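Below: the structure, in structure tokens.
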Amino acid sequence: MNLSFSRPLLPAFIGAIMVAACNDNVSEIGSDLISGETTITLDSITYNLEASSIDYDKFDARSNYLMLGNLDVKEYGKLNCSFVTKFMCSTKIDVPDSILMPERVDSCKFLMGISRGDLTGDSLAPQKIAVYRLTKQLPADITNAFDPEGYYDPASPIATKSFTPSLISQNDSIFLNSKGFFIEVPVDKEIGKDLFIKYKQQPEIFQWPQTFAEYFPGIYVDPFFGKGCVANVQIIYFCIYYHYYTTTTSTVDGETVTTQNIVNTYTYPFCTAPEVLSSNNISYEVSDYIKEMVTDGDNVVTTPGGYLTQLRFPAQDLITRFNNGNHNLSMVNNLQFTIPAEVIENDYGIGVTPSLLLIKTSEMEDFFANNQLPDGKTSFAATYDSTNKQYTFSSMREYIVDLIEKGSVTEEDVDFTLVPVEITQEESSYYSTSTSYVTRCTPYTSKPTMTRLHTKDALIVFSFSSQYL
């Protein structure tokens, strides 16, 4: 569809313009009244884009969301997820100095929090994990392909735990009201005792994440038993349970009686946090089903890892349309790009990726390495519209304006990649107005997803105004 309508530069004729705008091409309105007119061109074009799916085996897997478990789905493939993480320490442990003694420690455990329903597969599938204390610092250039060998002692796990990622074992009221649950992983209480000693003798260790990491580099969590479920661990607390004594006095039959009471309590000296490194170790073997789709010409994106889709954006064609016509001045109003998409059917509830990043291929590696955000010039974000089954990149105006001003289009300018991403937003309010800001954009590693992109039916809406004298 190509709609073109003109608007004479005279406010009194607004009503006439609204009627005239119903026509496909109106170019002479008001020409006998004024010497110039403005034409608004709206091009709505369906493109069969030049596109292809490419392997995406190695990627930045740093995330606050840590995937845990193993999955084997006919349509999707095989997924194995473990993780490594550092911790953010408390600068002040909430235990009075008078009772901060190792002999007070009763037990310790890791609490791994999973939001209700934040998993893929069978929540009743039995799982077993091992937790290892890291023996040296994690590398700064860590990826999903990180091999933890050499960073821990495989013969000395500090904990193992069998569990099912389900709330069904809890009573009805807890099940219905709970927003999630914790995998409780008991560890040797000697870790808690040593931490109390360190805090008393060297409190400076706990003042900065860097110094704490030298004392406790982090953990590696390995799911070594079980298939059928991958859960999303959102936070991990280390909990120390300890006790202390109080005394109370009372008068009984005129005599003073002193009673000693025991108080059982706990403290959280460290936990995971966005400020410290957490990274997924992900191995994903794409199914033959998806591979055959790609071989047959379908374009697919999967997570975590697997396939991305590269495409050639028709910028030169749009610029040619913009430059057509004997006008004196033209201005781009907007550029919008929509890609229809749908889930690949399966029996495990694996859905589409919630958000896609459209980015120049040449800039993709630096974008994630430098923790950049979509800038509306060479990188753009879109969320999935489940009603209309599509992703829409709604504001690409600056991209096309820059190319028009540059006067030429190179291969690098039109070579884009679609990357599944996790978008983090914060909301700012001013009086009655609220605005959302993107604060983080990382490769999507929260859940398995697989999405078929209909790049043969991509829609571009391009609007611009032209003035004629």
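The values are calculated or read from the model by the stated rules, or taken from the named source; none is laboratory data. Not measured: the values here are computed from a predicted model. All Cβ positions, even for glycine, are placed from backbone atoms using ideal geometry, and neighbour counts span all protein chains on display. Protein only, heavy atoms only, side chains kept; ligands, DNA and RNA dropped before computing areas. Shrake-Rupley method; radii C 1.70, N 1.55, O 1.52, S 1.80 Å.
Overview of values
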{"quantity": "Where Thr383 falls short, out of the listed (1) open to solvent by less than 60 Å² (accessible area, probe 1.4 Å); (2) in contact with a Pro (Cβ under 8 Å, 6 or more places away or on another chain); (3) assigned to a strand (DSSP E or B)", "calculated": "(1)"}
{"quantity": "Any hit, segment 430-439, residues being in a loop (DSSP other than H, G, I, E, B) and open to solvent by 60 Å² or more (accessible area, probe 1.4 Å)", "calculated": "yes"}
{"quantity": "Candidate set: segment 220-276, residues that are of a type in the set (Val, Ile, Thr) and touching a Lys or Arg at 6+ places or on another chain (Cβ under 9 Å); chosen: the one surrounded by the fewest Cβ atoms within 10 Å (Cβ to Cβ)", "calculated": "Val276"}
{"quantity": "Unique residue being free of Cβ contacts under 8 Å to residues at least 40 places away in the same chain and over 30 Å from Glu214 (Cβ atoms) when the list is Thr303, Thr295, Thr265, Thr338", "calculated": "Thr295"}
{"quantity": "Any hit, segment 414-422, residues being under 21 Å from the mean Cα position of the chain (by Cα), part of a helix (DSSP H, G or I) and touching a residue at least 12 places away in the same chain (Cβ under 8 Å)", "calculated": "no"}
{"quantity": "Condition met for Ala145 (under 30 Å from Tyr348 (Cα atoms), assigned to a strand (DSSP E or B) and among the hydrophobic types (A, V, I, L, M, F, W, C))", "calculated": "no"}
{"quantity": "Condition met for Leu311 (crowded, with 19+ Cβ neighbours inside 10 Å and either of a type in the set (D, E, K, R) or farther than 30 Å from Glu37 by Cβ (or both))", "calculated": "yes"}
{"quantity": "From Asn232, Asn264, residue being under 27 Å from the mean Cα position of the chain (by Cα) and polar (S, T, N, Q)", "calculated": "Asn232"}
{"quantity": "So Lys161, is it of a type outside the set (A, V, I, L, M, F, W, C), assigned to a loop (DSSP other than H, G, I, E, B) and either touching a His at 6+ places or on another chain (Cβ under 7 Å) or open to solvent by 30 Å² or more (accessible area, probe 1.4 Å) (or both)", "calculated": "no"}
{"quantity": "Sole residue being in a strand (DSSP E or B) and modelled with pLDDT under 95, chosen from Glu184, Glu103", "calculated": "Glu184"}
{"quantity": "Some residue of segment 234-254 being within 30 Å of Asp55 (Cβ to Cβ) and touching a residue at least 24 places away in the same chain (Cβ under 8 Å)", "calculated": "yes"}
{"quantity": "Filtered residue count, segment 333-354, keeping only those that are assigned to a strand (DSSP E or B) and buried (at least 19 other Cβ atoms within 10 Å of the Cβ)", "calculated": "5"}
